[in-house]
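Asker: The following block contains the structure, expressed as structure tokens.
A short reminder: the numbers here are calculations on the coordinates, not readings from a lab. This structure is a prediction, so every number in the text was calculated from the model and none was measured. So basically every Cβ, Gly included, is an ideal-geometry build from the backbone, and we count neighbours across all protein chains shown.
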Amino acid sequence: MSFNFKSIDHFQLASPKNTEEIARKFFTNVLKFQEIDKPETLKSNGGVWFKSGSI
């Protein structure tokens, strides 16, 4: 069985607790993603969200 993807809408990556600053540096400086605000109801969970153009 094979799959042909046309686009990716979103994805989620888990990272160790309290590594938001490392993620920010990697995703913004290396991959050139833009950080976006998480919804208020999810901010207490930690982590960061990023966006990019069409992938």
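Asker: Are there chymotrypsin sites (Phe, Trp or Tyr not before Pro) in the chain that DSSP marks as loop and that have at most 11 other Cβ atoms within 10 Å, and which are they? If you can, show how the numbers build up before the last one.
Answerer: Details: sites: F3, F5, F11, F26, F27, F33, W49, F50; in loops: F3, F5, F11, F33.
Here the chymotrypsin sites (Phe, Trp or Tyr not before Pro) that fit, given the DSSP loop and packing criteria, are F3, F5, F11.
Asker: Something else now. Would you compute, from DSSP H runs of 4+ residues alone, the mean residue ellipticity of the chain at 222 nm, taking -39500 (n - 2.57) per run and dividing by the full residue count, rounded to the nearest 500?
Answerer: Details: 2 runs with 9 residues, N = 55.
That comes out to -3000 deg cm²/dmol.
Asker: Hey, of [x] -0.46, -1.36; [y] -0.31, -1.45; [z] -0.46, -1.06, which did the structure itself give for log10 I(q)/I(0) by the Debye sum over Cα atoms at q = 0.14, 0.30 Å⁻¹ when calculated?
Answerer: Checking each listed value against the structure points to [x].
Asker: On to the next question. Pull out the extension gain between N45 and S15, defined as 0.36 nm times the separation in residues minus the alpha carbon to alpha carbon distance; nm, one decimal.
Answerer: 9.6 nm
Asker: Tell me which trypsin sites (Lys or Arg not before Pro) from the chain have a DSSP coil assignment and no more than 15 other beta carbons within 10 Å of their own. Mind showing how you got there, number by number?
Answerer: Values: sites: K6, K17, R24, K25, K32, K43, K51; in loops: K6, K17, K32.
Within the chain, the qualifying trypsin sites (Lys or Arg not before Pro) (loop, at most 15 other Cβ atoms within 10 Å) are K6, K17, K32.
Asker: Please list, or write none, the lysines whose alpha carbon is within less than 26 Å of the alpha carbon of K38, excluding same-chain residues fewer than 8 places away.
Answerer: K17, K25, K51
Asker: At 0.36 nm per residue, and after removing the present C-alpha to C-alpha distance, how many nm does the segment from F5 to T28 gain when stretched out fully?
Answerer: Values: separation 23, 0.36 × 23 = 8.28 nm, distance 2.50 nm.
Length gained between F5 and T28: 5.8 nm.
Asker: Under unit Cβ charges (Lys, Arg +1; Asp, Glu -1), what dipole magnitude, rounded to 20 debye, does the chain have relative to its Cα centre?
Answerer: Working: 8 positive and 6 negative charges, 26 e Å.
Once rounded to the nearest 20, the dipole reads 120 debye.
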